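One structure is given below, encoded as structure tokens.
The values are calculated or read from the model by the stated rules, or taken from the named source; none is laboratory data. Quick caveat, the model's predicted, so the values are computed rather than measured. Positions of Cβ are generated from backbone atoms using ideal geometry, with glycine treated the same way; all protein chains shown enter the neighbour counts. Just so you know, the surface numbers come from the protein's heavy atoms only, side chains and all, with ligands and any DNA or RNA stripped out. Shrake-Rupley method; radii C 1.70, N 1.55, O 1.52, S 1.80 Å.
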Amino acid sequence: MNTLVSELGRWSAGHGPLYQRLAERLRTLVGSGVLGTDSKLPSERDLARALEVSRTTVIAAYRLLREEGLLESARGSGTRVATAGRWVGPAVPVAVTPATKLISTSAGDAIDLSGAVIPGLDGVSDEALRLSPADIRGLAGQFDYAPLGLPALRAAIATRYTQGGLPTGPGQILVTTGGQQAIDLLFTLFGRDHGTIITENPTYAGALDAASAAGATVLGLPVDGEGLRTRALSEALDRTAARLVYVTATCHNPTAAVMSTARRHDITRLAAAAGVPVVDDTTLADLLFDADSPPPLAATTEAGTVVTVGSLSKLCWAGLRVGWIRADEHLIARLARLKVVTDLGSSHLSQLLALRLLPGLAELGVVRRRQLAERYELMADLLRDQLPGWTWERPRGGPFLWARLPHGDTGEFAQFALDHGVRVLPGNRTSPDDSFTDHLRLSFVLEPAQLRTAVARLAEAWAVFQVRRGHRPVEVVV
Ligand SMILES: Cc1ncc(COP(=O)(O)O)c(C=O)c1O
């Protein structure tokens, strides 16, 4: 029910009778695959209660959709998306990634703090403008899909690792369409047929989506200030036939924690002993505010059992869609066979730009980290001032603040926030077992003016939420 309510989002915005707006939003959810053939809908009474509308609104919306043939109801088995009469297709088993990434659920005029789509730095567009007609003709003139990536880019990424102290050959690099595809390929390979993937809990929401789409079983393990807890991992490896461990060792999403050196050794040792590869997602690793990033987890062990995922999305621009996997050559060959089925290869133009950007990455990093640190300070000041009950630890870097609310369910609060024009990510969306319902992940990557408006709206939403949920008496103005 919570998922449906959150997917319904700001359904009541717009014109026309409420029941028609609700019907319209349900239609969109069916069209986009959030609800599929045979998906069961909540009873009219339950949905009315969850949406805080009258039962007649839901009854009228369901009736309209039944008349259109989209829903069907049978006595005793409730209301479902119709199986006959109209081709709908099954529900798509993906519901975690901030919904604003999908066209059908645009945030409208809401300010989006739920994801971390960081605007590209000027250095990126400058470099793009330096691409010459000859560069582009050269690329187009000798086209082959190059599913593993442009050879020059593979070599340049490998050289960066080697120069950073982790000897790497070009054959160990697979260029991917962003870090997300890298995770998806790994999870598809290791997670198929209900394979168990161990993740941190909380973890990156997009990784949970990838696991769900792959049909994998996810086992989330607790983290502390040093990273994934060693004993929990050791027990899980003994107890389950886990096939993969996925961590964000440096600048964890969402807490920005950095795994300690001792923990890095423990984890790679345990996983190597169990014969289970560890994926170290370094997508956020270059975003630490005050310290140099430690080397990737792969540098901790010579066993070759650590796979590194990288991306240019955060330092440069997510619109590039350039990421990569560093692994041993055999694994790269297997992953390439999966990638070729998905997209035959990543965009050559983006890869050429990525190649040109790599030498200047250190300078771009300085600009990006300063920008994020400043925005964090602003966001923290605004929150301390307007939402004094919310608590968090200063993140060591990255785009997120992981806030704890003094009471209430953040899934419910997220609806109030959306009604007040701010989209936030409830903590349970980062958790394979639906915990962290008292946390919110707030990104602070937007322009200062937008952050100011967003926090003011959050404060309004919080005031209303507390009154409605009985956490605060209604103030009587005399
Ligand atoms: C930890 C982590 N991994 C992967 C990604 C996906 O990044 P990309 O844009 O490279 O696909 C993100 C995006 O926020 C992320 O936070």
* Asked: Within the range 44-64, can one find any residue that is without any contact (Cβ under 8 Å) to a residue 40 or more places away in the chain and more than 28 Å from Val464 (Cα to Cα)?
  -> yes
* Failed criterion for Leu442 (all others in (1) touching a strand residue (DSSP E or B) at 6+ places or on another chain (Cβ under 8 Å); (2) open to solvent by 10 Å² or more (accessible area, probe 1.4 Å); (3) of a type outside the set (Gly, Ala, Ser) hold) -> (2)
* Filter the range 25-42 for residues that are surrounded by fewer than 15 Cβ atoms within 10 Å (Cβ to Cβ) and out of contact with any Pro (no Cβ under 9 Å at 6 or more places or on another chain) and give the result. => Gly31, Lys40
* Candidate set from the range 149-161 (those that are more than 16 Å from the ligand (Cβ to nearest atom) and more than 21 Å from Pro277 (Cα to Cα)); member that is surrounded by the most Cβ atoms within 10 Å (Cβ to Cβ) -> Arg154
* Asked: Considering Thr168, Thr159, which residue is touching a strand residue (DSSP E or B) at 6+ places or on another chain (Cβ under 8 Å) and either modelled with pLDDT under 95 or of a type in the set (S, T, N, Q) (or both)?
  -> Thr168
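Here's the yes/no breakdown for (1) touching a Lys or Arg at 6+ places or on another chain (Cβ under 7 Å); (2) within 16 Å of the ligand (Cβ to nearest atom); (3) in the same structural domain as Ala303 (by TED's automatic domain parsing); (4) modelled with pLDDT under 95:
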position	(1), (2), (3), (4)
Gly227	yes, yes, yes, yes
Ala232	no, no, yes, no
Glu235	no, no, yes, no
Thr248	no, yes, yes, no
Pro254	yes, yes, yes, no
Val258	yes, yes, yes, no
Arg263	no, no, yes, no
Ala273	no, no, yes, yes
* Asked: Among (1) more than 23 Å from Thr199 (Cα to Cα); (2) free of Cβ contacts under 8 Å to residues at least 60 places away in the same chain; (3) aliphatic (A, V, I, L, M), which single condition is Leu446 missing?
  -> (2)
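Results for (1) among the hydroxyl-bearing types (Ser, Thr, Tyr); (2) modelled with pLDDT under 95, shown as yes or no for each residue.
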{"position": "Ala327", "(1), (2)": "no, no"}
{"position": "Ser347", "(1), (2)": "yes, no"}
{"position": "Gly365", "(1), (2)": "no, yes"}
{"position": "Asp385", "(1), (2)": "no, no"}
{"position": "Arg396", "(1), (2)": "no, no"}
* So which helices (runs of 4 or more DSSP H) are wholly in the range 299-389 and hold at least 1 residues that are among the charged types (D, E, K, R) and either open to solvent by less than 20 Å² (accessible area, probe 1.4 Å) or free of Cβ contacts under 8 Å to residues at least 40 places away in the same chain (or both)? -> 329-343, 361-386
* Structure fact -> Selection from the range 353-379 of residues away from the ligand (no atom under 16 Å from the Cβ) and within 26 Å of Arg154 (Cα to Cα) yields Leu355, Arg356, Pro359, Gly360, Ala362, Glu363, Val366, Val367
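Out of the range 380-399, which residues are farther than 18 Å from Gly427 by Cα and either within 16 Å of the ligand (Cβ to nearest atom) or not basic (Lys, Arg) (or both)?
Ala380, Asp381, Leu382, Asp385, Gln386, Pro388, Arg396, Gly397
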* Looking only at the range 289-329, which residues are in contact with a strand residue (DSSP E or B) (Cβ under 6 Å, 6 or more places away or on another chain), of a type outside the set (Val, Ile, Thr) and within 14 Å of the ligand (Cβ to nearest atom)? -> Ser293, Pro296, Leu297, Gly310, Ser311, Gly323, Trp324
* To do: Test Ile173 against the stated conditions and say whether it is within 16 Å of the ligand (Cβ to nearest atom), in contact (Cβ under 8 Å) with a residue 40 or more places away in the chain and more than 30 Å from Thr240 (Cβ to Cβ).
  => yes
* Residues being without any contact (Cβ under 8 Å) to a residue 40 or more places away in the chain, of a type in the set (A, V, I, L, M, F, W, C) and open to solvent by 10 Å² or more (accessible area, probe 1.4 Å) - total across the range 231-256 -> 2
